[in-house]
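The structure under discussion appears below in the form of structure tokens.
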Amino acid sequence: MTFPHVPATPPNPDDLLVLLTVARTGRFTSAADSLGLNHTTISRRITSLEKALGGRVLSRTTGGWEVTDLGSRAVEAAERIEAAVGVLQAPMDAPAQLTGVVRMSATDGFSAYIAAPAVAELRRSHPQLRVEIVTVTRRALQHRSGLDIEIVVGEPQVHRAEAFRLGFYMLGMYASRGYLAEHGTPATVNELTRHPLVYFVDSMLQVDDLDAPRRLVPTMIDSVSSTNVFVHVEATRAGAGIGFLPCFMADRHPDLIRLLPEDFHEQLPYWMVLRPESLRQPSVAAVVAALRSRTIAVQRELLGGNRADKVD
């Protein structure tokens, strides 16, 4: 369906603000809940805006709705309207406050040890800011409707998005002191392969950069496998086998010993992916800055530089 190229009337500012909410949430139903409207009203407002602008502002994807090129221009206009209204609503002498909801996805470890403390610190100055964190280990989405920020492992191949490397982290082989006392400490890679592996479920692993154990020690037999890295840590601590773990998570536990660090020191990058329209939001920009600052602050820990264990 197409509309005349030249709009008959200027777009309604309320329709632009509805588009802005849909662009941020990726779904009509979520936008309706946020605005206190119903799904039909959202649809009608979008249709009205498209008629006024003479073209499509949204395109349907498998994950929801994404803005078109015309929609992106309309979103920029809507953001200026939102900012102007926010200035009028704020007290004259009040410092600028971040509000609204920022939605992000990240791996389990990053979410717990980097994102959560960074957001907590940011909210001390901006208590009206809300951040929703979805924990998942996967490739960057091609259609990230409803997400403002993605943190992924490995360089992403994306379109219509901004991506930059956030930092690095290290993985190594670990075992519990109790496990080593019972089964012996492997002194070589060949001895290590006789022990069971605690790691991701191979058939469900979506990130190629995380295939190191199968590449480096393909003969190790899986013991406990999980899609959650916290399960890897706790299973290793419980003596289920030798875990291939992020150093910044394993080194927090004195009962875990790092094994053969010269042979197993897999360094991987964290990348951040953002929708261009999300980065223009002050709240999203503030969360991005907080995540970058926190990642830099704990870089030594991420690279496994906090402990130099020796087997007692």
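State whether the residues of region 271-287 include one that is closer than 30 Å to T188 by Cβ and at pLDDT 90 or above. No, because not a single residue in region 271-287 is closer than 30 Å to T188 by Cβ and at pLDDT 90 or above. All conditions in (1) under 24 Å from V131 (Cβ atoms); (2) without any contact (Cβ under 8 Å) to a residue 60 or more places away in the chain; (3) among the hydrophobic types (A, V, I, L, M, F, W, C) hold for L58, with the sole exception of (1). Taking the listed residues A290, A240, A235, A250, the one that is over 20 Å from the mean Cα position of the chain (by Cα), surrounded by 17 or more Cβ atoms within 10 Å (Cβ to Cβ) and under 17 Å from S111 (Cα atoms) is A250, with no other qualifying. Put simply, of A240, A286, A290 the only residue that is assigned to a loop (DSSP other than H, G, I, E, B) and of a type in the set (A, V, I, L, M, F, W, C) is A240. Filtering region 279-298 to residues that are under 28 Å from S72 (Cβ atoms) and of a type in the set (D, E, K, R) leaves R280, R292. Only one of the numbered conditions (1) in contact with a Leu (Cβ under 7 Å, 6 or more places away or on another chain); (2) in a strand (DSSP E or B); (3) under 25 Å from R139 (Cα atoms) is violated by P269, and that is (1).
For region 124-148, enumerate the residues that are under 17 Å from T25 (Cα atoms), among the hydrophobic types (A, V, I, L, M, F, W, C), modelled with pLDDT of 70 or more and under 15 Å from the mean Cα position of the chain (by Cα). Reasoning before the result, please.
Our first condition is that a residue be under 17 Å from T25 (Cα atoms); within region 124-148, this holds for 129-134, 141-148.
Filter once more, keeping what is among the hydrophobic types (A, V, I, L, M, F, W, C): 129, 131, 133-134, 141, 147.
Next, from what is left, pick out any that are modelled with pLDDT of 70 or more: 129, 131, 133-134, 147.
If the condition is that a residue be under 17 Å from T25 (Cα atoms), among the hydrophobic types (A, V, I, L, M, F, W, C), modelled with pLDDT of 70 or more and under 15 Å from the mean Cα position of the chain (by Cα), then V131, I133, V134, L147 are the ones that fit.
Checked against the criterion of being over 24 Å from the mean Cα position of the chain (by Cα), touching a residue at least 24 places away in the same chain (Cβ under 8 Å) and part of a loop (DSSP other than H, G, I, E, B), the candidates P261, P218 yield just one match: P261.
Residues of region 45-61 that are surrounded by fewer than 21 Cβ atoms within 10 Å (Cβ to Cβ) and not charged (D, E, K, R): T47, S48, A52, G54, G55, S59, T61.
The values are calculated or read from the model by the stated rules, or taken from the named source; none is laboratory data. Not measured: the values here are computed from a predicted model. Every residue, glycine as well, gets a Cβ built from its backbone with ideal geometry; the counts of neighbours run over all protein chains shown.
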